[in-house]
Amino acid sequence: MSETELRWDLVPQVTRAGEEDTHTMSSGGCIRVSGVGPQHTDATRIWFGRVSNEPGYRSLPHHHGEAETGGYVLKGKGRIYFGENYSDYLDMIEGDWVFVPPFMPHVECNMSVTDELIWLTTRTPDNIVVNLEEVDDSVLVGFRRA
């Protein structure tokens, strides 16, 4: 059978609400919930999940190894710090999309001290999270905790 042949023997897989995998890689207090991934489906080249950050939350500095990452801000106001000493940043609001290249060190922040930030995130090939050396909040221009 070639790769271009139709596969009538395959079926979609649904992860029901409440059955998601919550034993995912994390960076600080970030909550990652896997909806589609090799942990509980036949997926081998994609991870798709929901990431939530409490008000005033920020991740540890980290990167995602070889994984390309796509994100969508479902709710809230986020910021990603990157570049040398995390001196550059991009702000995102509900409805914005973001692409994070492989091996790019960054810090993800919820810029609200009152509202939750919720992202939908996808990665190939899997949910790779490599935590890096911590930085002080004062390095992150404009960030404040709750």
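All of the numbers you see were taken from the coordinates with simple rules; none came from a lab. All values reported here derive from a predicted model rather than from experimental measurement. With ideal geometry, Cβ positions are generated from the backbone for all residues, glycine too; neighbour counts draw on all protein chains shown.
Normalised by residue number, the volume inside the convex hull of the Cα atoms of the chain is 125 Å³ per residue. Once you place label points 7 Å from the Cα toward the Cβ at Glu68 and Asp115, how far apart are they in nm? So the two model labels end up 3.1 nm from each other. Amide H contacts of Asp96: Val73, each under 5 Å away and 5 or more positions distant or on a separate chain (H built 1.01 Å from N in the peptide plane; Pro and chain starts excluded). Return, ordered by residue number, the residues of segment 81-101 whose backbone nitrogen is under 20 Å from a label point located 7 Å along Cα→Cβ of Leu132. Zone members listed by number: 81-92, 98-101. Here the 3J(HN,Hα) profile of segment 114-124, calculated from phi with Karplus coefficients 6.51, -1.76 and 1.60 at θ = phi - 60°, is 10, 10, 5, 10, 10, 10, 9, 10, 10, 9, 10 Hz, Gly and Pro shown as x. Among Arg50, Arg16, Arg79, the largest mean-square fluctuation in a Gaussian network model of the chain, built with springs joining Cα atoms closer than 10 Å, belongs to Arg16.
Note on Asp91 and Glu19: the model spin-label points, each 7 Å out from Cα along the C-beta direction, lie 4.2 nm apart. Considering only Pro55, Pro105, Pro12, the mean-square fluctuation computed in a Gaussian network model of the chain, springs between alpha carbons under 10 angstrom, is largest for Pro12. Taking Cα centre as origin and charging only the Cβ of basic (Lys, Arg, +1) and acidic (Asp, Glu, -1) residues, the dipole magnitude of the chain rounds to 320 debye.
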